Ligand code: GAR
């Protein structure tokens, strides 16, 4: 069966891109990366794409006078590569309503919190400041509002009393690397539909039996 063609959009180090590259290296995985795009010419993630032999392109938003022109170029690159699903992986530009509509239900993002809590930047510092005991990560379909849209996969990560944002980020990142390939696999194997702005997953997964309690008593 044909594998779903992905684009992965990055701005930085690209560890989630790496997780997707590794998943796609398995010929049984139902997706392949057709294109990596970075809006930053010096993003370390570009080297990961090159090392894996995946086509990579820089589209520098600063080279365009208006966001619309940047996004038109991005859109053309995605269409040229016959991309079917766009995965934002640490892509630090807010996409316009035009772009989000054009790729509606074919555009997903990973965010390092349990959405809808802790949208935006400095997530882990805000989590620690708020004193919550459990955080995590979310893969969701993208809508025009920031860090908003139907939720596909989440993982929970316990917050330790003495956590700092760097240590917490590292543990959440491990969870991200498991969630993103899972989310793509679910979509690529046809198990996902969106019903009334909620994701329905059919036939593929059992509900996890465990409950995470922090602190354990
Ligand atoms: C990840 O933690 C991702 O969740 C976050 O940026 C990091 C990218 O890391 N994304 C956001 O905060 C988007 N709102 P990576 O470049 O190593 O994949």
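Mean projected area of the convex hull spanned by the Cα atoms of the stretch 31-73, taken over all viewing directions: 3.4 nm². For the chain, the longest principal axis of the Cα atoms and the long axis of helix 67-80 meet at an angle of about 80 degrees. Could you state the angle between the C-alpha long axis of helix 165-188 and the longest principal axis of the C-alpha atoms of the chain, as a value from 0 to 90 degrees rounded to the nearest 10? For helix 165-188, the angle is close to 60 degrees.
Once every DSSP H run of n ≥ 4 in the chain is given -39500 (n - 2.57) and the sum is divided by its residues, what mean residue ellipticity at 222 nm do you get, rounded to the nearest 500 deg cm²/dmol?
Values: 6 runs with 69 residues, N = 217.
It comes out at -10000 deg cm²/dmol, rounded to the nearest 500.
Roughly speaking, what % of Cα-Cα pairs in the stretch 26-152 are separated by over 19 Å, rounded to a whole number? So the portion of pairs separated by more than 19 Å is 56 percent.
Summary of packing: across the peptides 133-143, 192-202, the per-residue average of other C-beta atoms within 10 Å ranks them, highest first, as 133-143, 192-202.
What ranking of 11, 38, 27 emerges when the number of other C-beta atoms within 10 Å of each C-beta is taken as an exposure proxy, fewest first? Could you put the intermediate results ahead of the total?
Details: 11 18, 38 25, 27 7.
Fewest to most other Cβ atoms nearby, the residues stand as 27, 11, 38.
Using every pair of distinct Cα positions in the chain, the Kirkwood expression returns a hydrodynamic radius of 17.9 angstrom. Comparing Cα centroids, the stretch 178-217 and the stretch 53-92 end up 28 angstrom apart.
Taking only the Cα atoms of the stretch 140-217, the radius of gyration and Dmax are 15.0, 42 Å. Give the distance, in whole Å, between the Cα centre of the stretch 113-152 and the Cα centre of the stretch 8-26. That distance is 20 Å.
For 212, 74, what's the fewest-to-most ordering of other Cβ within 10 Å of each Cβ? List each step's numbers first, then the result.
Numbers: 212 13, 74 23.
Final ranking by Cβ density, sparse to dense: 212, 74.
With respect to the chain, whose longest principal axis is taken over its alpha-carbon atoms, helix 15-24 is tilted by about 70°.
Every read-out reported here was derived from the displayed coordinates using simple, explicitly stated rules and does not represent laboratory data. Just so you know, these numbers come straight off a predicted model, no measurement behind them. Cβ sites come from the backbone with ideal geometry, for glycine too, and all protein chains shown count toward neighbours.
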